[in-house]
Amino acid sequence: MSTNILPSILVVGSDSGWLQVICDILSGEGHKPYPASTHKEVEQILQKQTFDVAVIDPILDASQNFSPNDLVMLQSLQHQNPNVQVIIVSNPLSEDIRESISQLYPLVPILSKERWDKNYFISLIKSFAGEGPNTDDKRLRAILEQSWYGTRPLTSSPLERGVGRPRVLCVQDRSDWQQIFIEIFNTENYFWRMATSTNQALRILENENFHLVILDDHYLPTADSGISSQLLDYLIEFRPRTKVLVLSGRTSADKITERLADYPVVSVMRKQSFDPDGLKKVVVQATQAPQLKIESLGLFKIWRDGELIGHWQDPQAETLVKILLTRQATGGQAVSADELMALLWGKSATRDYKNLLPVINIARLTLEPGIDPQETSFILRSSTGYSLDIGGNVEWDVLKFRELMKEGKYLIDTQQWGEALKILEEVRALYKDDYLVEDAEATWVLDLRRQLSKEYTGGLTDLADAYAAQGRYDDGIKVCSETLVNDPLVESVYRRLMRFYYWKGQKEEALRTYRMCVKLFEELFGESPKPITRQLYEAIMRGEEVINTLLL
């Protein structure tokens, strides 16, 4: 590029009408075009002037064929202006001619007169001037080529898409950039609004909240104006959590960052190096919710960004979170408003949604202080009710417990005893007590509590087997005893204890364990243990070898 503020543009064409059209457009955009209608004029101009951009309407011969002199002209242009950006404006060209041009300028845009689009042309000129999208980027070029001949309407996202999604406001008045952003927003399923002025953006912000505002730098006051940005000032005062991405044309990122040091600018992206993936990363950064760590195996505790939440403004808000967590662990279906009210206040309570909404908002604000409740990342509402999003920002002991149980089971099945011990000891440490132990009388917690207790019992028996497989019978006996405290009616655990005692030479303890099992089962069920347990007892009585199997 030249050092001029605006690029020098050579315009070549034998069709005086088209030559005038192109020159008028360029003049209207503030450029000074240098027109030439013959090859000789081009040669004369090139001897006096260098150019950043050349717009060429091929000078055809009498048979309307591409003149060889045109190729000579293009070669001369490239030789004298190696960094020149070329745009071809023409009637349809043959593949041979296109191939010849592409050898000199591989990414040259070829605009059809039959499908002429002024906005397309202007966007290319501004792209080469550093104001438009980089048309060398194949992804951006594909978006623009799809939209230049049928621009997408600026149809914003419906309101119902605003919950649980990134919310982006883009302040942009150029159609090419609008189309690029709209394509990205829709592809990524963002909730978005498009404003073509700062005043329109302010009106939108009065009614809606956003995680990110994308602002073109031409909306910013100049550095020497002494004027602050009304839009950015509004964000600081009324939307302090909203982040800003500035899209920069000519001003360097460092200068913008320095000028806007007092504002929540998280990124400055140059237009000529704009990267959709970079934008997505900024959106992720702007929408980053707090990290939650939840303990529910035992007493209920939540840490938000490492800090324990010690106080809930309303105990019902805490209960609501517990209910939504419980539903997540038992199928993940949303809980309807009616069901929530029944669980919180009883079936006989008055069903008034006005009573429920404050509890929901308190729960949301407890998990994410300072948000507008509609911006929640965790407690989401759908057409079927409410749910708790336990995605990447949530660490929950129940999920971890089940992941470890699954891994431990695989290691046991494949007889990887050492690794199984490590994993199942993690399970043992994780399960501090029964699920939501403080809510002993809550009916909505009973099924999950029983299920998790059963799963834990299975994990303990696997752990005992892993210890026994390595000859660590004392550790296996200790785990079995702990298992019977958790559930004294698991008959297979008594058999494990009998084997472990017998294998370590404590025959009397093995027999005593059997008699204890018989007494308990006869008292509770009026029946003896299973035949397999009796057979093991008799084998021990006779002093026979008891096979080392984990299947009994």
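For the stretch 240-255: of the residues being buried (at least 19 other Cβ atoms within 10 Å of the Cβ) and either touching a Phe, Trp or Tyr at 6+ places or on another chain (Cβ under 6 Å) or not hydroxyl-bearing (Ser, Thr, Tyr) (or both), which is nearest to Gln178 (Cα to Cα)?
From the stretch 240-255, those buried (at least 19 other Cβ atoms within 10 Å of the Cβ) are 242-248; that's our starting set.
Still in the list and also either touching a Phe, Trp or Tyr at 6+ places or on another chain (Cβ under 6 Å) or not hydroxyl-bearing (Ser, Thr, Tyr) (or both): 242-247.
Numbers: Thr242: 21, Lys243: 19, Val244: 17, Leu245: 15, Val246: 14, Leu247: 12 Å.
Of everything passing the filter in the stretch 240-255, Leu247 is nearest to Gln178 (Cα to Cα).
Would you check if Glu426 is over 20 Å from Val335 (Cβ atoms), under 30 Å from the mean Cα position of the chain (by Cα) and at pLDDT 95 or above? Full working, then the answer.
Working: over 20 Å from Val335 (Cβ atoms): yes; under 30 Å from the mean Cα position of the chain (by Cα): yes; at pLDDT 95 or above: yes.
So Glu426 fits the description; yes.
Of the residues Leu292, Leu215, which single one is closer than 30 Å to Tyr431 by Cβ, hydrophobic (A, V, I, L, M, F, W, C) and modelled with pLDDT of 90 or more?
Numbers: Leu215 fails: closer than 30 Å to Tyr431 by Cβ.
The unique qualifying residue is Leu292.
Yes/no matrix, rows are residues, columns are (1) under 28 Å from the mean Cα position of the chain (by Cα); (2) without any contact (Cβ under 8 Å) to a residue 60 or more places away in the chain:
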residue	(1), (2)
Gly298	no, no
Lys301	yes, yes
Leu325	yes, no
Gly332	yes, yes
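What pairs can you find where one residue is in the stretch 271-285 and assigned by TED's automatic domain parsing to the domain that holds Asp176, the other is polar (S, T, N, Q) and assigned to a helix (DSSP H, G or I), and their Cβ atoms are less than 9 Å apart, with a gap of 6+ or different chains?
Taking only residues 6 or more apart or on different chains, the pairs are Lys271/Ser127; Gln272/Ser127; Pro276/Thr187.
What number of residues within the stretch 28-81 satisfy the criterion of being assigned to a strand (DSSP E or B), at pLDDT 80 or above and not hydroxyl-bearing (Ser, Thr, Tyr)? Step through it out loud before you land on a result.
Step one: list which residues in the stretch 28-81 are assigned to a strand (DSSP E or B), which gives 33-36, 53-56, 60, 66.
Now narrow it down to the ones that are at pLDDT 80 or above: 33-36, 53-56.
From what is left, the residues that are not hydroxyl-bearing (Ser, Thr, Tyr) are 33, 35-36, 53-56.
Going through the stretch 28-81 one residue at a time, the tally reaches 7.
Every residue in the stretch 236-256 that is more than 25 Å from Gly370 (Cβ to Cβ) and not charged (D, E, K, R), please. Break it down stepwise before answering.
To start, the set of residues in the stretch 236-256 that are more than 25 Å from Gly370 (Cβ to Cβ) comprises 247-256.
Result: Leu247, Ser248, Gly249, Thr251, Ser252, Ala253, Ile256.
What is the one condition in (1) under 17 Å from Lys519 (Cβ atoms); (2) not in a loop (DSSP other than H, G, I, E, B) that Ile477 does not satisfy?
Evaluating Ile477 over (1) under 17 Å from Lys519 (Cβ atoms); (2) not in a loop (DSSP other than H, G, I, E, B) leaves (1) as the failure.
For Leu343, which of the numbered conditions (1) closer than 24 Å to Glu208 by Cα; (2) at pLDDT 85 or above; (3) crowded, with 17+ Cβ neighbours inside 10 Å fails to hold?
Result: Leu343 fails condition (1) only.
Report whether or not Glu544 is at pLDDT below 95, in a helix (DSSP H, G or I) and more than 55 Å from the chain's Cα centre (by Cα).
Values: at pLDDT below 95: yes; in a helix (DSSP H, G or I): no; more than 55 Å from the chain's Cα centre (by Cα): yes.
Considered against the rule, which asks whether it is at pLDDT below 95, in a helix (DSSP H, G or I) and more than 55 Å from the chain's Cα centre (by Cα), Glu544 comes out as no.
Yes or no: Val493 assigned to a helix (DSSP H, G or I), surrounded by 16 or more Cβ atoms within 10 Å (Cβ to Cβ), of a type in the set (A, V, I, L, M, F, W, C) and in the same structural domain as Leu421 (by TED's automatic domain parsing)? Full working, then the answer.
Values: assigned to a helix (DSSP H, G or I): yes; surrounded by 16 or more Cβ atoms within 10 Å (Cβ to Cβ): yes; of a type in the set (A, V, I, L, M, F, W, C): yes; in the same structural domain as Leu421 (by TED's automatic domain parsing): no.
Considered against the rule, which asks whether it is assigned to a helix (DSSP H, G or I), surrounded by 16 or more Cβ atoms within 10 Å (Cβ to Cβ), of a type in the set (A, V, I, L, M, F, W, C) and in the same structural domain as Leu421 (by TED's automatic domain parsing), Val493 comes out as no.
So, Leu124, is that one at pLDDT 55 or above, more than 22 Å from the chain's Cα centre (by Cα) and surrounded by 17 or more Cβ atoms within 10 Å (Cβ to Cβ) or not?
Numbers: at pLDDT 55 or above: yes; more than 22 Å from the chain's Cα centre (by Cα): yes; surrounded by 17 or more Cβ atoms within 10 Å (Cβ to Cβ): yes.
Yes, satisfied.
Do you know which residues across the stretch 75-84 are polar (S, T, N, Q) and either outside the structural domain of Asp52 (by TED's automatic domain parsing) or in contact (Cβ under 8 Å) with a residue 60 or more places away in the chain (or both)? Full working, then the answer.
Going residue by residue through the stretch 75-84, those that are polar (S, T, N, Q) are 75-76, 78, 80-81, 83.
Selection gives Asn83 alone.
Filtering the stretch 140-192 down to residues that are among the basic types (Lys, Arg) and modelled with pLDDT of 55 or more, which residue is surrounded by the most Cβ atoms within 10 Å (Cβ to Cβ)? Steps first, answer last, please.
First, pick out the residues of the stretch 140-192 that are among the basic types (Lys, Arg): 141, 152, 161, 165, 167, 174.
Next, from what is left, pick out any that are modelled with pLDDT of 55 or more: 141, 161, 165, 167, 174.
Numbers: Arg141: 16, Arg161: 14, Arg165: 16, Arg167: 25, Arg174: 20.
In this case the residue turns out to be Arg167.
Conditions tested, residue by residue: (1) exposed (fewer than 14 other Cβ atoms within 10 Å of the Cβ); (2) within 16 Å of Ala464 (Cα to Cα); (3) in contact with a strand residue (DSSP E or B) (Cβ under 6 Å, 6 or more places away or on another chain).
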| position | (1), (2), (3) |
| --- | --- |
| Ile371 | no, no, no |
| Val394 | no, no, yes |
| Lys432 | yes, no, yes |
| Leu436 | no, no, no |
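Within the stretch 392-448, work out how many residues are closer than 21 Å to Lys293 by Cα and among the hydroxyl-bearing types (Ser, Thr, Tyr).
Total satisfying the criteria: 2.
Hey, which of the helices (runs of 4 or more DSSP H) in the stretch 268-346, taking only ones fully inside, have at least 2 residues that are in contact with a helix residue (DSSP H, G or I) (Cβ under 9 Å, 6 or more places away or on another chain) and closer than 30 Å to Ser248 by Cα? Break it down into steps so the answer makes sense when it comes.
Numbers: elements: 276-286, 315-329, 337-345.
Filter on the stretch 268-346 gives 276-286.
Exactly one of these conditions fails for Arg499: (1) part of a helix (DSSP H, G or I); (2) free of Cβ contacts under 8 Å to residues at least 24 places away in the same chain. Give me its number.
Among (1) part of a helix (DSSP H, G or I); (2) free of Cβ contacts under 8 Å to residues at least 24 places away in the same chain, the lone unmet condition for Arg499 is (2).
The values are calculated or read from the model by the stated rules, or taken from the named source; none is laboratory data. Everything quoted here is computed from the prediction, not taken from an experiment. A quick note on method: Cβ atoms are made from the backbone with ideal geometry, for glycine too, and the neighbour counts reach across all protein chains shown.
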